[in-house]
1. Ranking B:Leu136, B:Leu162, A:Leu48, C:Leu448 by Cβ neighbours within 10 Å, fewest first, what do you get?
2. Among all the lysines, which ones have a C-alpha under 24 Å from B:Lys235's C-alpha, if same-chain residues fewer than 8 places away are not counted?
3. Add +1 for every Lys or Arg and -1 for every Asp or Glu among the other residues with Cβ under 13 Å from the Cβ of B:Ser223, and state the total.
4. Using a Cα-Cα cut-off of under 18 Å, which lysines could be cross-linked to B:Lys75, ignoring same-chain neighbours fewer than 8 residues away?
5. Which angle between 0 and 90 degrees, to the nearest 10, do you get for helix B:224-237 versus the longest principal axis of chain B when only C-alpha atoms count?
6. For the pair A:Val204 and B:Lys120, what calculated FRET efficiency results from E = 1/(1 + (r/R0)^6), where r is the Cβ-Cβ distance and R0 = 45 Å, to the nearest 0.05?
7. When the Karplus curve 6.51 cos²θ - 1.76 cosθ + 1.60 is applied with θ = phi - 60°, which whole-Hz ³J(HN,Hα) does each residue of the range C:333-345 get, with x for Gly and Pro?
8. I need the semi-axes of the equivalent ellipsoid of the range C:53-265: take the C-alpha gyration tensor, multiply each eigenvalue by 5, square-root it, list largest first in whole angstrom.
Amino acid sequence: MSTAIHKSSHGSVHESPKYKGKVLPLEYTSHEGPLNILGFWIFLATDLILFGCLFATYFVLRTHVDGGVTDKELFDNITSFTAETVILLTSSFTSSLAIFAMRNNNKKRLIGWLIVTVILGLSFVGLELREFIEYYHEGYTMSRSAFLSGFFTLVGTHGCHVSLGIIWMISIITQIARYGIDAINARKTFIISLYWHFLDIVWVFIFSVVYLTGVVS
Amino acid sequence: MKTWWRKGLFLGALGLLFLTGCSEKYPLLDPQGPVARKEYHMLLLTTILTGIVIVPVVILLFVVAFRYRDRPNSKAAYKPDWHESKWLEIIWWGIPVIIILIIATVTVKETFALQYPPEKKEPITVEVTSLDWKWLFTYPEQGIATVNYMNIPTDRPVKFVLTSDAPINAFWIPSLGGMQYTMPGMAMRLWSQADEPGTYIGKGANFSGKHFAKMSFKVNAQSQEDFDKWVEEIKSTKPALTNEGYAELSKQSVVGESAYSSYPEDLYMNILMKNGGEYMPNHWMMMENQKTAQPTK
Amino acid sequence: MLDRLKEFASNFFVTGEPMIYMSDVAIVLVSLAIIFTLTYFKKWKWLWREWITTVDHKRIGIMYLISALLMLFRGGVDALLMRTQLALPNQHFLDAQHYNEIFTTHGTIMILFMAMPFIFALFNIAVPLQLGARDVAFPYLNAISFWMFFFGALLFNLSFVIGGSPDGGWMSYPPLTELPTDPGPGENFYLLGLQISGIGSIATGINFIVTILKMRAPGMKLMKMPLFCWSVLASCIVIIFAFPALTIALLLLMIDRMAGAHFFTMTGGGNPMMYINLFWVWGHPEVYIVILPAFGILSEVVATFSRKKIFGYASMVASLMVISIVSYLVWAHHYFVMGASAGVNSFFGVASMIIGIPTGVKIFNWIFTMFRGRVRMTLPIYWTMAMITCFAFGGMTGIMLAAVPIDYQVHNSYFLIAHFHQTLIGGVVFGLLAGLYYWWPKMFGFKLNERLGKWAFWFFNIGFYVCFMPQYALGFMGMTRRVYTYPADAGWTSMNFTSTIGAYMMGVGFIFMVVQILYSIKYGERDLTGDPWDGRTLEWSVPSPAPEYNFAHIPEVEERDAWWEMKQKGQSLVQLNHQKPFEPIHMPNNSGRPFIMSLFFFIAGFGLVFNWWWMGAVGLLGVAVTMVLRSQERHDSHYIPAEEVQRSEAALGRF
């Protein structure tokens, strides 16, 4: 893929003055790279609004317990959600280390850090599932009260996002193993790391708005 | 060319249509109480204010399109590159700004005014509950209840307190003015008043299921003496509404008019609470009711 | 066994109405006819290769357009059934249940499955060509968007014959739409159909923002971009910020219905208000999503047919952006009478009125574009004039509705119905039709017959006023929306009858439009130049229909109205072909996966509608597998060799 062809066939992508005279990171060098990365940023904006709506709903329904369990009573197991938080924050860090390895063109390290990230992600999801199952056995289900509906939906949606990210990351790891660090894989890895950081930020909000507020209230 | 006179002919026909329509009943254009009148005046005001801009603009559109239509040997000016004029643009950013400013000011003023009872008189309270597919009216001061019709005294503010024990509906008496949704678990206030004795039609205005179309009710406005007489008559001739009776009434059905000499005292509160009243800002509405029950101005 | 099967079938299929049986027969016959024709002419492969797997924005645009017109037909038939029922008092043409279903599907289809694909059709057809690009930023995602819309719409429409139609109104307010009061699967069809097509809409929003920001021809600064592209940008910004709210509203209601949650129920602490807020946080911006592109179309049409630069370009851009921002601050005007305080109502009322200011500016600018121009009275300009007129008066009644005290009286009355039809038909549909006639030659290579088009225009226009002006009067008479019948003594008969006549006139107008299209396919004036209207923007610099790669050489843009300026200087793209050597062109590959993935979404949706969890799981698993396959895909593009480009340009008479 020569740059000349890109230029002639796809208009202004490389014309943008911002990139002129600078060495581009690998993920920006293919034609699709900058497009996909910008597109993904916009997607994250929509996803942020999606979570914003769920947060708003949770916030409105937080006290609507219908005589059932309140958030203070529900979140009595502080170690559980603190562990989840520490694990997810660490995984965000390791995914950054993966990008760092990618920049240094170190395929082994890149794969290694991504695998660590996946394992941390899996343990996060596992802990969350355990927490949910525990609640379920205590009779705290979604259909008990509006508060519980809001809680399970908000935290569950985040959990689904993480699970999807894990599948996606595994798919990318296999590709890096097969094809090495090239423009395409660099772009894919960069985007999944954006996604991962985003989920981390959402979790920080869940941690503070849902769990901490609940414990403190 | 033919197309233009066709348009004119059509507009004329449309005008005729409206003229002939004048024999019909237009409760919104013939307000029967101070609240409806306020809203009607607002309607007139905005029609005029927006009309004085929009009608000339539309005329201008057709004049310009006609004058500069493409035809052989057109003598009209042609300036294909003329595309900017600071002053012209300031003018037409300015005109709508001014008009909107006026309408907005009046809107805000009137919106706040409509929070208060229309007159400085002792109001009467009617609690309204929308059911599937009927209306229940309870009179906390008189202790009676009616279904699908209500009587109110004239010349006296009526405070409707609205809720629903069924999907959301909306309470509307076009002749007397104002509308408010009836929401499960929420008690919402609507001020109204009738000037003259008469029978006005009320409507359920928000779709609430299969027989929503049958949810109209009658409002009989009568003088205070007639109203008192009517209350006495209901009290002496009609049966009482029991909790069982209410349970039966609240089932999905279409019923006619009926009246009850009494109803369980906490009926309305129970309806509110069973539909999540504890989570709704009813206290705010209720306090507001207390605060504004006596006119502040 | 047979009995159980019978019982299942009687629940599964909609029964009892002769009209439904007739439609069943019609659907089966049409399907058989399509299958037979495709088999007889051996077109299956062609269909798969050229259309179903295509990622070409022009073809996707055409598929959107066809779907939109089909949905316009279905929504229109719904409208005629409603008007027939209301023509006279106490009619039994439709019963209450049937009427409730029909107004629900009418509203949902018209806004989500007619207006949305219609604007997307024009986005797809015009935007890349106007920008001087070879496709959108994400052609593959574009195909996913279309097929998600398609299967979402299919799922929704299926409810007509299977399971039963939704009957909770197009806003589907809980608690009415919760299980206790709405147990049938109809509401599930609504929730899942909208959800699936909504995902496609968000993807389209992202796609076109990136396309516009990143794919413009060299030299085309943002402020040199055609106004239609600006309007698409504004519209897409609204899409990406508004649609997630709909996604959540639908999701939560679905969880309520399927998992017994208590978001919007009357019991368990649920709060129906929350749904109404979420719905309108999307719902009001949604109407700007569909009207903004119409504004853009008008700007293109007026300038082109006046042979003059658009007046006040900067104002036009500013007003588009102001509208897209303020559109987020008006949602609560849909429920002034839901117990909000005077302060809240005043804020949302005034914010809603403010929208009138930039809109007014646009109208002035259009008029002054015609001023000192040469206005050619063609079909696009007819619809433009009709749109400006109708929308101006629709905007006027809109300001009345924004004036809170007036809304206290006319909310949910026929006044409101007349108002939003005037903005949505008179504004959106008229505007989109102007765009349709304008870009039709670019899409298909021939013009639509003007004579038949004018018949359609007059029937539709006069019909519109005859239909909806009486509805303002009905609002003043106190007629509320969504009533399936009314008593004879209400005094509403003559106005309702007149309105029904108008609706049928619009129906006749639509038939003329269909006839016009069919006639023009055979006899329409062929467009051999690629520039039938003496256009101003780049889409008219390429042949009609444009070749697969759009531009053999990407033009360098220096001014606004790039093509017009080139023509003034005596330049053309044909010269470019002679001056520069042909080079291989990088193009995306076709793919069947968007179709298959959306099909799996459909399967999952259908399963969930009937709470057949296994089927939902199969569908979602299929979605996951196709997504992983996509993630594993590394080479999804190819090069058209230079010689082939040269040959193709030569065949088009351009080399």
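No lab work stands behind these numbers, since they all come straight from the coordinates. Note that the structure is a prediction, hence the values are computed from the model and not measured. Positions of Cβ are backbone-derived with ideal geometry, glycine not excepted, and every protein chain shown enters the neighbour counts.
1. Working: B:Leu136 27, B:Leu162 24, A:Leu48 16, C:Leu448 21.
Lowest count first: A:Leu48, C:Leu448, B:Leu162, B:Leu136.
2. B:Lys134, B:Lys159, B:Lys218
3. Once positives and negatives cancel, what remains is -4.
4. Cα-Cα hits under 18 Å: C:Lys308.
5. 50
6. About 0.20, to the nearest 0.05.
7. 6, 7, 8, 4, 9, 10, x, 6, 6, 4, x, 4, 4
8. One finds semi-axes of 35, 20, 14 Å for the range C:53-265.
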